[in-house]
Amino acid sequence: MEAIYEYAWLIPVLPLLGAMIVGIGLISFNQFTNRLRQVWSVFIVSIMGATMTLAFATLWSQFNGHPTYTRMIEWAAAGDFRLNMGYTVDHLTALMLVVVTTVAFLVMVYTDGYMAHDPSYVRFYAYLSLFSSSMLGLVVSPNLVQVYIFWELVGMCSYLLIGFWYDRKAAADACQKAFVTNRVGDFGLLLGILGLYWSTRSFDFAIMGDRLQNLVESGALSGGVAALFAILVFLGPVAKSAQFPLHVWLPDAMEGPTPISALIHAATMVAAGVFLIARMFPVFEPIPAAMSVIAWTGCFTAFLGASIAITQNDIKKGLAYSTMSQLGYMVMGMGVGAYTAGMFHLMTHAYFKAMLFLGSGSVIHGMEAAVGHDPAYAQDMRLMGGLRKYMPITAITFLIGTLAISGIPPLAGFWSKDEILGKTFEANPTMWLVGWLTAGVTAFYMFRMYFMTFEGNFRGEDAVALETIRVERLQAQGFSMGPGAMNSQELAIADAASHDDDHSHGGHGHHGHKPHESPLSMTLPLILLSIPSILVGLVGTPFANYFEEFVHAPGEAVHALGSEVDLPEFLIMGGSSVGIGLIGITLAVMMYLRHQIDPAAIAERIPVLYNLSKNKWYIDDIYTAVFVKGSRRLARQVLEVDSKVVDGVVNLAGLVTVFTGETLKYFENGRAQFYALIIFAAVLGLVIFSSVA
């Protein structure tokens, strides 16, 4: 098995090689390369398949007890400074490699059907391969500097993929928003890396943790400064994993094609933040202040995401806020010291959330035949309903994912979420209460999503819903829709503006047709992802926790497999989480399946809370007013200073030079008598001035 480790560097390099070959073809022979679209898709998918095979072989070797393998080379040296690069393979690395490669492989298979008619089909595959390579490189990185390099590559790829349809203004704005928001967190991460190196003289995770703890214990470094460095590093995961207050980019990122939504929000970019917290656990764990900040950030983010998701009508944005909430659970688990539980939920969530996102893409693909390719209509759940009879495979797999994320046993989400809640209760009952209530809200909004999409009657031709969506869209674009606000000419302009933003990834949709099931290339990944969504949680049950035996915090003592389980405690904690989930499901049934409760009536009774959720807690509005408009005002003021003060000084200096030059030239006539007269006048002036003084 040693040969596997000798060539483990191929795991990130193979997808990079595929992206390079396709990219060079697109740059050099664009038309020819695009004509061979099926050849290139098979090539990229095959490379990812080979990468996935290597990842599984590595996981099997690690599971059988192979020690951690690290290979390093000296990359840079100056005096006593040495910077090494290479790769490391341990239990955490092996697990993440399998999660990333399996999801990436299935997303690439799915892409063939979803992007079949898109003119940039080949470019999308090149981006997917580059993105996968960046994430895999991050996973195998042995030190913080190399992590940062691949961290930024992941950010660059997300920018390219979110803005893939760059001719749509919404997509162009979304990728810029994601890029800028992540730069804020990444700047904090960079400052934290520099601070940790300044204090510990190392970029190695374990060495940094030990040295930082020794420095604090000896008094050479204050605990506050150590906590500051740790929190600065944590800002990186706050942005990447969409934690409050840097979460605002995630819902807008839904403007990218659905396959990349599944990849970003399931196993790659957002998981990178949680993975970095796990890697930095030796640094974070001995600093209680940092752990508290991490835990409370995750706790609030989990509740925030769930509270916003309950009013979302766009199916992808609903799933985006769901992702944000579930990431909050992972971060909260890490913050309370539940390292294994956090990573376990990362793995289970990767599979069922990838399935849910790909399921939403299948729904959108089917809806486009009925309502057209405009995302405002194809993704709005108010126009869906009754899709189960048109799309049975998509409906069944989406229901499995919904049950899994709602924490219904024995599906995967129950075991991982329940373990986080159990560990959180031991650390902080208040935090547990927030997480417990969030679990109920999660079950409610996920079944709301399922019922609105797949049950009832199809609403694709509902004139009231269509007009409501049209008005909402125009209002979002800044057009006033009150009585008398627009004349017929202005309304025509507004409608034209809305249609200019449309984009079709398919190119062959027709209005008025019935929805249809997606092709095999899209439904097969859904079926395959449903298997781990059901079964993968069984590797981490408290009765035989194989996952904890394999993945645990560095230096943490692991209980013997099959050790005694406190059954009453498990039944109470597990029963309470299932109970609150069932309450949420019951409410969703009464509101959206049987229509015994009118959601609109509830919204009218509590308009403050409804508007708070509908408007995303006004956080985007606050950021727009403070940062976007504020920076524009500041830029205008700086421009005024530049044009009137700086330019004024420069222009005045030039004017003075011109004036003095023009004046003095008349005194340079070459006559000695004139010069003597000037000297005499100057001396006389000085004498008079001296006498007066």
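The values are calculated or read from the model by the stated rules, or taken from the named source; none is laboratory data. The structure displayed is predicted, hence computed values, not measured ones. Backbone-built Cβ (ideal geometry, glycine too); neighbour counts: all protein chains shown. Keep in mind that these areas ignore ligands, DNA and RNA; they rest on the heavy atoms of the full protein, side chains included. Shrake-Rupley method; radii C 1.70, N 1.55, O 1.52, S 1.80 Å.
Below, the figures for the structure above:
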| quantity | calculated |
| --- | --- |
| Span per principal axis, largest first, for the Cα atoms of segment 541-663 (Å) | 101, 54, 19 |
| Rounded tilt (10° steps) of 37-63 against the dominant C-alpha axis of the chain | 70 |
| Rounded tilt (10° steps) of 223-240 against the dominant C-alpha axis of the chain | 70 |
| Whichever aspartates and glutamates have a C-alpha closer than 18 Å to that of K629, once near sequence neighbours (fewer than 8 apart) are set aside | D173, D620, D621, E640 |
| Between segment 231-290 and segment 49-78, the Cα center-to-center distance that results, in Å | 24 |
| The chain, relative contact order [Cα under 8 Å, separation at least 6], % | 13 |
| When each of K240/K353; K240/K417; K316/K423 is checked by Cα-Cα distance, pairs over 23 Å | K316/K423 |
| Dimensions (Å) - segment 406-446, Cα atoms, principal axes, largest first | 26, 19, 8 |
| Residue-level accessible surface for S202, protein heavy atoms, 1.4 Å, Å² | 10 |
| Protection proxy ranking, peptides 605-611, 587-593, average beta carbon neighbours within 10 Å, highest first | 587-593, 605-611 |
| Potential lengthening between L36 and H117 on full extension [0.36 nm per residue; Cα-Cα distance subtracted] | 27.8 nm |
| Accessible-area value, R473, 1.4 Å probe, nucleic acids and ligands omitted, Å² | 40 |
| Surrounding net charge for M573, when Lys and Arg each add one and Asp and Glu each subtract one, Cβ distance under 13 Å | -3 |
| Area accessible to solvent at L59, 1.4 Å probe radius, in Å² | 40 |
| With at most 11 neighbouring Cβ atoms within 10 Å, loop GluC sites (Glu not before Pro) (DSSP) excluded, longest segment of the chain | 1-563 |
| Compactness of the chain, expressed as Rg and Dmax over alpha-carbon positions, Å | 30.5, 117 |
| Tilt relative to the chain, helix 10-28 - C-alpha long axis, 0 to 90 degrees, to 10 | 60 |
| Cα→Cβ-extended label distance, 7 Å offset, between V628 and F674, nm | 6.7 |
| Environment charge of F187, counting only residues whose C-beta is closer than 15 Å and scoring Lys/Arg +1, Asp/Glu -1 | 0 |
| Using alpha carbons only: equivalent-ellipsoid semi-axes of segment 329-443, gyration tensor based, whole Å | 34, 13, 12 |
| Alpha-carbon radius of gyration plus Dmax, which is the widest Cα pair, for segment 295-370 in Å | 14.2, 49 |
| Segment 86-167: projected area of the alpha-carbon convex hull, averaged over directions, in nm² | 5.6 |
| Euclidean distance between Cα centres, segment 615-657 to segment 371-418, Å | 47 |
